[in-house]
Amino acid sequence: MKFLPLKDQMSLLMRGVQEVVPENDFEKKLQKSLDTGIPLRIKLGVDPTAPDIHLGHTVVMRKLRQFQDLGHQVVLIVGDYTAMIGDPSGRNQTRPRLSHEQVMENAKEYQEQFFKIVKKEQTEVRHNGDWFSKMSFEKVTELAGSITIAQMLEREDFKNRYANKQPISLHEFLYPLMQGYDSIEIESDVEIGGTDQKFNVLRGRDLQLRENKELQVGLFMPILLGTDGKQKMSKSLGNYVGINESADVMYHKIYNIPDSLAESWFELLTDKPKNEIADLLKGDILAAKKALALDIVSQYHGEQAAEAAGEKEKSVHSGNIDWENPSSLPDDAVVKDVEDKDYTNLDILDLTEAFSSKGEARRMLANNGVKFNGKIITNANENLDRNMVKDRCLVQIGKRKFFLLNFQKPK
């Protein structure tokens, strides 16, 4: 395959990158690949501690795809052994250990989603259990002898845990060394990771140096902030967009991110040219976020589904919901069967379980924030109007929370 000129490769590959260590070596690697016609080996190590991928994970995966589009070889390391330890990066306590069976089950689902972004035919999949399961204790102690405790405590998370007298298990110190050793086994030229992986990635260079191997380059991507605009995207924090979520749910989450996130999400999650992004952001921010949502949803569900999700989002915001047609509701609407009996308006809100207290529900009613079947409801103690609400009640709370309550006669 004929590679693009160095300048063109650098222009594409440096988009969104926060740091390259060392930067000059990256250019030299690419130039050597041009001179020899041999693709670079681009490493990504993943520990499938959970099966689901969200947009935060895709930042590095999209970079892998760019390398592939330029003709380079991706090597995916499935950390079936490292995952059983768990990466301590950014942790303030030891991770719970997973069984090998759990890890492999997660890995299967993870790869199915991974290959929605990265080309399978240009990916070499390796399991680090292939070498760690055969490693002698002598080799383990040799590996452990390649770094000092003082060097390990230079890591911010280890340093903080040690200072705060929080326990650090000895096996956690092995993790960066194991990740580094993976680079020797697969002869990595470039390792990609988030900025939180810098310590681990640089251990790969240290170990390659000890083994007289050619040193890899570390390419570090920014950490994507989640939909709250404050913290790293995480499923546990609920501020994520999963790539397996429906088009409607994805579109809604992306369209409603804080305005401040739009620029970084465009740069890291789309291929739009920077001049187009700048023009969009100069104009109406809602129009820009619509373009962002359409672009990202199209990547995973196609343009037609993205357009339909956009129309549904528009209908929701304009209040044009057909309460008699459940299929017109957003995919994240909650549908519940409830007993067919007399209720007050406040009772209905209590059935939705959307409020932490009845006082909070009363305040929402008083502020015109609740609709039943499209009608604004303000009186908490008034009986539910069964002439308006017959077999079902569509409860809308605020702009985007929907609950469809189906009344069921007692059997």
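Every number here is computed from the coordinates shown, using simple stated rules; none is lab data. If you're wondering where the values come from, they're calculated on a predicted model, not measured in any experiment. All Cβ positions, glycine included, derive from the backbone under ideal geometry; neighbour counts span all protein chains shown.
Identify all aspartates and glutamates with a Cα-Cα distance to Lys282 below 19 Å; exclude those on the same chain that are fewer than 8 residues away in sequence. Hits, sequence-local ones excluded: Asp259, Glu263, Glu267, Asp271, Asp295.
Value of Rg to Rh for region 326-408, rounded to two decimals, is 0.92; Kirkwood radius and Rg both from alpha-carbon coordinates.
Only Cα pairs within less than 10 Å get springs; with that Gaussian network setup on the chain, which residue of Phe137, Phe67, Phe199 has the largest fluctuation? Per the Cα network of the chain with a 10 Å cutoff, Phe137 tops the list. Measuring how big the chain is from its alpha-carbon positions, Rg and Dmax come out at 25.9, 82 Å. Just to be sure I understand: with springs between alpha-carbon atoms less than 10 Å apart, which residue in Ser236, Ser315, Ser99 has the highest mean-square fluctuation in the Gaussian network model of the chain? Judging by the Gaussian network model, the answer is Ser236. How big is region 111-233 by the Kirkwood estimate over distinct Cα pairs, in Å? Over region 111-233, the inverse of the mean reciprocal pair distance is 16.5 Å.
Of all the options Pro222, Pro167, Pro176, the one that moves most in a Gaussian network model of the chain with Cα springs shorter than 10 angstrom is Pro167. Restricting attention to the chain, close to 40% of DSSP beta bridges with both partner residues there are antiparallel. Under a 5 Å amide H cut-off, with hydrogens placed 1.01 Å from N, Val217 pairs with Val190, Glu191 among residues at least 5 apart or on other chains. Once the Cβ-Cβ distance of Val21 and Ile285 is raised to the sixth power relative to R0 = 30 Å, the FRET efficiency obtained is 0.30.
For Leu384, the residues whose modelled amide H falls within less than 5 Å of its own, excluding neighbours fewer than 5 places apart on the same chain, are Tyr343, Thr344, Asn345.
Within a straight-line Cα-Cα reach of under 21 Å, Lys399 can be paired with the following lysines, leaving aside sequence neighbours fewer than 8 residues apart in one chain: Lys253, Lys289, Lys290, Lys312, Lys314, Lys336, Lys358, Lys371, Lys375.
Bridgeable lysines around Lys119 (alpha carbons under 23 Å apart, same-chain partners fewer than 8 residues away excluded): Lys2, Lys29, Lys43, Lys63, Lys108, Lys272.
Taking every alpha-carbon pair within region 247-318, the share separated by more than 22 Å comes to 15 percent.
At a threshold of 8 angstrom on Cα-Cα distance, excluding pairs fewer than six apart, so keeping six or more, what relative contact order does the chain reach in percent? Write out the running numbers ahead of the final one.
Numbers: 630 pairs, mean separation 56.4, N = 411.
Rounded, it is 14 percent for the chain.
Can you sort Ile377, Ile285 by how many other beta carbons sit within 10 Å, fewest first? Mind dumping the intermediate values first?
Values: Ile377 23, Ile285 13.
Lowest count first: Ile285, Ile377.
Of the beta bridges DSSP finds with both residues in region 326-408, what % are antiparallel, to the nearest 5? Bridges in region 326-408 are about 65 percent antiparallel. For the pair region 339-403 / region 287-315, the C-alpha centres are spaced 30 Å from each other.
For region 6-221, what ratio Rg/Rh do Cα atoms give with a Kirkwood hydrodynamic radius?
Working: Rg = 17.0 Å, Rh = 17.8 Å.
Taking Rh as the inverse mean 1/r over Cα pairs, Rg/Rh reads 0.95.
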